[in-house]
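One structure is given below, encoded as structure tokens.
The values are calculated or read from the model by the stated rules, or taken from the named source; none is laboratory data. On a predicted model such as this, the values are computed, not experimentally measured, just so you know. All Cβ positions, glycine included, derive from the backbone under ideal geometry; neighbour counts span all protein chains shown. Areas reflect the complete protein model, heavy atoms only, side chains present, ligands, DNA and RNA absent. Shrake-Rupley method; radii C 1.70, N 1.55, O 1.52, S 1.80 Å.
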Amino acid sequence: RRRTKPFDAVLRSACNAVGFDFEVTGVMGIKRVYQTVEFAQLMCKAGATEGTAVSAGSRVPAEPNGGAHSDGKVPENLQLLSIDDMTDVLEAPKLSAEVAEADRALLEKPLTAVEQVILLARCHWLWV
């Protein structure tokens, strides 16, 4: 735990600068096509913080295909079925019907590029 203490201040500053708040949590749902019993799925609940310099209108979500332009220089994101047509793993967990709509919106919110970098930096700091 001593290792993460200095980074917590950096993480808070970065989150405050862009008005981002996140929580890694477990949510009941399924991960496979033929799965019938719901289990906890590890997910990130992402929201906006109040009182920041960044307005909600200036938030631009990340491009769904990784920001690929029509010039073809950037490849599209691969889908699981395009790699393995026999897979039964869903692209994203199917959340339980009992998950509240407010929570569902936070869990399924597309992240901006900056928000993705903040989460990746946190993961890198914890596991490297």
Inset, instruction - Quick one: net charge around Asp103, please, counting Lys, Arg +1 and Asp, Glu -1 for every other residue with C-beta under 13 Å from its C-beta. - result: -1
Inset, instruction - Evaluate E = 1/(1 + (r/R0)^6) for Glu23 and Asp88, where r is the Cβ-Cβ distance and R0 equals 35 Å; express this FRET efficiency to the nearest 0.05. - result: 0.75
Legend entry - Sparse-neighbour loop sites [GluC sites (Glu not before Pro); the range 82-128; at most 11 other C-beta within 10 Å; DSSP]: Glu98
Inset, instruction - Could you run the Karplus curve 6.51 cos²θ - 1.76 cosθ + 1.60 with θ = phi - 60° over the range 82-98 and give me ³J(HN,Hα) per residue in whole Hz, x for Gly and Pro? - result: 6, 8, 9, 6, 9, 6, 10, 7, 6, 4, 9, x, 8, 6, 4, 5, 7
Inset, instruction - Starting from the exponent 0.38 and prefactor 2.2 Å, build the expected Rg for the range 74-128 from its residue count and divide its actual Cα Rg by it. - result: 1.49
Legend entry - Inter-label distance for Glu101 and Ala9, nm, one decimal - labels placed 7 Å from Cα along Cα-to-Cβ: 4.3 nm
Inset, instruction - Can you send over the solvent-accessible area of Thr112, 1.4 Å probe, protein chains only, in Å² to the nearest 10? - result: 20 Å²
